[in-house]
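The values are calculated or read from the model by the stated rules, or taken from the named source; none is laboratory data. Everything quoted here is computed from the prediction, not taken from an experiment. Every residue, glycine among them, receives a Cβ derived from its backbone with ideal geometry; neighbour counts consider all protein chains shown. When the accessible area is computed, the model is the full protein with side chains, heavy atoms only, and any ligands, DNA or RNA have been set aside. Shrake-Rupley method; radii C 1.70, N 1.55, O 1.52, S 1.80 Å.
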Amino acid sequence: MLMRFEVGDKVIYPNQGISVVESIESTNGTAGPNFYRLRLLSKSTLVMVPIDKVDEVGLRPIMTETDVEEVLDVLENGAVDEQINWKTRYKDNSDRMKSGSPVEVAGVLKGLFYLSERKTLSFREKRMLDRAHQLTVTEVAEVAAETLEAVERKVVEALRRSRNGESGLEAGEGENESGTGAATSVVPLRPPKRRRVAKSDSGRRPVSISINRY
């Protein structure tokens with residue numbers, strides 16, 4: 001069934017993060033509304049998404065409380081993809097990021113975080129790690145009505161608990177983009193840039209939850 005949204009709804013545009021439906025409009029010569037006008041909050045830019053292409057694009061509602069718990073479970077307990085070939089790993093992770101699924105994005109975050117503690121990531125994988133981190137933290141913070149700093153702490157704690165409970169990859173295992181091994185190097189997660197989140201015109205509030213597991 002095609003997902004439907006209303007003006008003021010906060011939605012997730014894959015690989016771009018939280019967006020707000022500013023209007024539902026029609027193109028010239030059409031009988032009814034046929035696209036959503038979205039504002040991407042991370043860039044404050046506008047995009048048009050055809051209503052009949054919502055599923056294809058991957059536009060989805062913002063996470064629920066249950067989704068948040070599932071994301072934290074993935075970060076703390078989920079298996080790590082030990083894909084050695086960087087080209088295959090990068091393609092797989094790119095597809096997961098484009099899916100828009102919060103669980104898939106969390107899986108990318110976890111896998112690259114683990115890898116970054118054992119080898120120097122390529123520029124593209126460092127950028128993907130930062131993006132997965134930003135998307136996860138900002139959406140969880142929005143849903144939980146908590147600060148970015150509080151969510152950041154809990155995300156890192158989940159990753160550390162997982163790391164302490166699993167052996168993961170061996171130090172130096174894998175290849176970089178030049179096809180050679182790399183020395184172990186920790187790439188810290190950088191907090192996402194501070195931003196003001198626009199209020200929803202529909203009057204809907206973020207799900208008020210308290211993530212007390214950490």
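Dividing the radius of gyration of the alpha carbons in region 86-165 by their Kirkwood radius gives 0.97 for Rg/Rh.
The protection proxy used here, the mean number of other Cβ atoms lying within 10 Å of each residue, ranks peptides 38-47, 154-163 as follows, highest first: 154-163, 38-47. The mean accessible area for residues of region 63-150, using a 1.4 Å probe and ignoring ligands and nucleic acids, is 39 Å² per residue.
The alpha carbons of region 1-121 give a radius of gyration and a Dmax of 17.2, 57 Å, in that order. If you roll a 1.4 Å probe over region 2-45 with all protein chains in place, what percent of the accessible area is carbon or sulfur? The value for region 2-45 is 47 percent carbon and sulfur by accessible area.
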